[in-house]
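The values are calculated or read from the model by the stated rules, or taken from the named source; none is laboratory data. Here the structure is a predicted model, which means the values were calculated and not measured. We place every Cβ from the backbone using ideal geometry, glycine too, and count neighbours over all the protein chains shown. These accessible areas exclude ligands, DNA and RNA; they are computed on the full protein's heavy atoms, side chains included. Shrake-Rupley method; radii C 1.70, N 1.55, O 1.52, S 1.80 Å.
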Amino acid sequence: MEMRIPRELVKALVEARRVAVLTGAGVSAESGVPTFRGKDGLWRRYSPQELATPQAFARDPKLVWEWYDWRRGLIAPLEPNPAHRFIARLEGEVPDFLLITQNIDGLHEKAGSRKLVELHGNIWKVRCTREGTVKEDRRVPLPEIPPKCENCGALLRPHVVWFGESLPVDALEEAMGAAEECDLFLVVGTSGVVYPAASLPQVARSRGALVVEINPEETPLTPLATWSLRGKAGEVAKALARELGWEV
Ligand code: OAD
């Protein structure tokens with residue numbers, strides 16, 4: 001079924017000078033990355049307390065790393081979808097742009113996004129638990145689990161944010177600044193229940209920005225939205241691109 005895009009929304013997208021975009025797991029769903037909540041969500045099958053907390057890692061680093069290694073293997077062959085490409089294209093069209101993602105899969109970068117902050121880290125990076133140094137490591141599977149720092153021999157951990165941990169300060173500040181200053185805020189594929197990410201569209205709205213939500217389901221952020229586009233991110237992105245005359 002063809003998705004209908006409101007004419008005023010197309011106009012708002014063309015005229016926007018300052019755009020911020022917040023994405024969640026749903027933007028990668030059509031690429032094959034599992035989401036966290038919902039019917040087939042990861043948190044239905046796995047316990048965040050056992051796999052995604054500093055306590056879990058202290059208790060059983062091997063178990064935690066096996067889960068991340070499995071997820072790395074799952075994500076490695078996947079490709080960006082039209083939603084990732086639409087967002088990358090939007091970056092090139094708008095003078096002041098920031099993509100804020102909660103995703104750790106690296107697919108936005110693979111699609112060409114450059115002005116982005118990763119609020120929850122990146123699954124392709126590892127961090128030394130002693131030195132705090134961060135390195136990229138794209139090997140799948142990892143040759144040793146749990147991996148150790150080649151410099152000091154201490155345990156490495158995934159460079160991601162776990163439950164109970166704070167977000168990287170610089171990334172959050174940049175995201176907050178963009179939410180405060182933007183004239184259009186686009187929210188794609190997030191359930192809007194994890195804070196502080198979920199507060200960003202609220203900040204944008206309270207500063208008078210137009211808010212556009214793309215999600216097949218209603219979320220707690222829906223009441224904030226000037227326009228809610230009910231559909232899958234990739235399909236909505238294709239419909240938007242068609243209206244704008246873009247290839248995605
Ligand atoms: P969730 O799994 O909570 O939500 C995914 C959202 O995507 C839901 O609102 C779905 O309706 C929507 N969705 C599903 N398929 C979609 C599609 N094809 N197109 C568009 N939307 C679709 O994922 P997040 O909101 O990203 O944090 O979760 C936020 C954080 O909670 C994650 O970053 C992760 C998780 O625990 C950490 O691990 C720190």
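On average, how much accessible surface per residue is there in region 1-144, in Å², for a 1.4 Å probe, leaving out ligands, DNA and RNA?
50
Grab the other residues whose beta carbon is less than 9 angstrom from that of residue 178, score K and R as +1, D and E as -1, and report the net.
-3
For the peptides 116-129, 136-149, what is the packing order when you average, over each peptide's residues, the other Cβ atoms within 10 Å and list the highest mean first?
116-129, 136-149
Give me the percent relative contact order of region 29-143, please, defined on Cα pairs under 8 angstrom at least 6 residues apart.
The normalised contact order for region 29-143 reaches 20 percent.
Sequence gap at least 6, Cα distance under 8 Å: using those rules, report the relative contact order of the chain to the nearest whole percent.
About 25 percent, as a whole number.
Please turn the phi angles of region 157-168 into ³J(HN,Hα) values with the Karplus equation 6.51 cos²θ - 1.76 cosθ + 1.60 (θ = phi - 60°), one per residue in order, whole Hz, x for glycine and proline.
With coefficients 6.51, -1.76 and 1.60, one gets 10, x, 7, 10, 8, 9, 4, x, 9, 7, 6, x Hz.
To make sure I understand the rule: partners must be lysines, Cα under 22 Å from the Cα of residue 148, and not fewer than 8 residues away in the same chain. Which ones qualify?
Answer for residue 148, where 22 Å is the Cα cut-off: 62, 125, 135, listed by chain and number.
Can you send over the carbon and sulfur percentage of the accessible area for region 1-92, probe radius 1.4 Å, protein chains only?
53
Tell me, what HN-Hα J-couplings in whole Hz come from the Karplus equation 6.51 cos²θ - 1.76 cosθ + 1.60 at θ = phi - 60° for each residue of region 172-180, using x for Gly and Pro?
Calculated HN-Hα couplings, in order: 5, 5, 5, 5, 5, x, 5, 5, 5 Hz.
When a/c reaches 1.5 or more, the comparison of a/b and b/c decides; with that in mind, is region 1-92 rounded, prolate or oblate per its Cα gyration tensor?
Note, shape of region 1-92 comes out prolate.
Over region 103-198, what is the relative contact order in percent, taking alpha-carbon pairs closer than 8 angstrom and at least six residues apart?
26
How large is ³J(HN,Hα), in whole Hz, for each residue of region 31-46 in order, when computed from phi with the Karplus curve 6.51 cos²θ - 1.76 cosθ + 1.60 and θ = phi - 60°, using x for Gly and Pro?
Going residue by residue, I get 7, x, 7, x, 7, 9, 10, x, 3, 9, x, 4, 6, 7, 9, 10 Hz, with x marking Gly and Pro.
Among DSSP bridges having both ends in the chain, what percentage is antiparallel? Round to the nearest 5.
25
What is the set of long-range amide H partners of residue 148 at a cut-off below 5 Å, with H atoms built 1.01 Å from backbone N?
Excluding prolines and chain starts, which carry no amide H, the hits are 156.
In region 134-248, carbon and sulfur make up what percent of the accessible area (probe 1.4 Å)?
The nonpolar share, carbon plus sulfur, comes to 49 percent.
At residue 227 and residue 46, where each label point lies 7 Å from the Cα along Cα→Cβ, what is the point-to-point distance in nanometres?
Distance between label points: 3.6 nm.
To the nearest 500 deg cm²/dmol, what mean residue ellipticity at 222 nm is calculated for the chain from DSSP H runs of n ≥ 4 alone, each contributing -39,500 (n - 2.57), summed and divided by the residues?
The per-residue figure over the chain is -10000 deg cm²/dmol.
For a quick check: with amide H placed at 1.01 Å from N, whose amide H comes under 5 Å from residue 22's, ignoring anything fewer than 5 positions away on the same chain?
Close amide H contacts, sequence-distant or interchain: 100, 186, 187, 188.
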